[in-house]
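S.K.: A single structure is presented below for examination.
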Amino acid sequence: MAAPSIRLIATSKAPAATGYSQAVLVNNQTLYVSGQTGMISGKTDVVPGGARAEAKQAMTNIGEILTYAGSSFKHVINCNIMVTNMNDFQDVNETFKNFFTADTYPARSFFQVVKLPKNALVMIDAVAVVAGHYRTRSYTAWGQYTENVTKTVLHKRISMNNFEAVERKFDVLSIVQDNYYQTRDE
């Protein structure tokens, strides 16, 4: 097995990282974005205006890093949100939701911490899939097949009699997926 490809990501459009990377791209597929606060690139303090303003700037910073690495909010699969006061949940949550559509909300954790760097009120990190390696529902045959299998499983009652048929569909899906990635990587 080949060693994984690891690329450190750094853009001047987000606050500079000291002692860590803004993001790390693994195998040109998965992007791990370090926690972003409400700092503006080139500045030393967080934006004024409280948790809502800080959350907006943190998400803007994440967006700059995603774009630089070839991804977008549409392809974020997980976020962790840290706040110093859980009373800011509503403001931060509303701001966070503005960067996504209902069909692209990522998995997410939201928790309170004792303190954040620079006395920030909010910090958000993210994991995303990078363009060229994500699976779309509308642009590839593989995606259409995935959508159809998912609909079969989620929207129909699966009895023991037709469970084997669904299981065979997943076997075919796995073969289609493997072939899709082989041709994408060549």
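S.K.: Can you put MET86, MET1 in order, fewest other beta carbons within 10 Å first? Provide the component values of the computation, followed by the final result.
M.R.: Numbers: MET86 10, MET1 3.
In order of increasing Cβ crowding within 10 Å: MET1, MET86.
S.K.: Relative to the present Cα-Cα distance, how much length would full extension add between SER5 and PHE100 at 0.36 nm per residue of separation?
M.R.: 31.3 nm
S.K.: What residues have an amide H closer than 5 Å to that of SER71, excluding those fewer than 5 places away on the same chain, when H is modeled at 1.01 Å from N in the peptide plane?
M.R.: ALA131
S.K.: Mind checking the full-extension length gain between THR67 and PHE89? Use 0.36 nm per residue of separation minus the Cα-Cα distance, one decimal, nm.
M.R.: Values: separation 22, 0.36 × 22 = 7.92 nm, distance 2.67 nm.
Extra length from THR67 to PHE89 when fully extended: 5.3 nm.
Each value in this text was obtained by applying a stated rule to the coordinates, not by laboratory testing. All values derive from a computational prediction rather than experimental measurement. Counting neighbours? That spans all protein chains shown, and the Cβs are built from the backbone with ideal geometry, glycine included.
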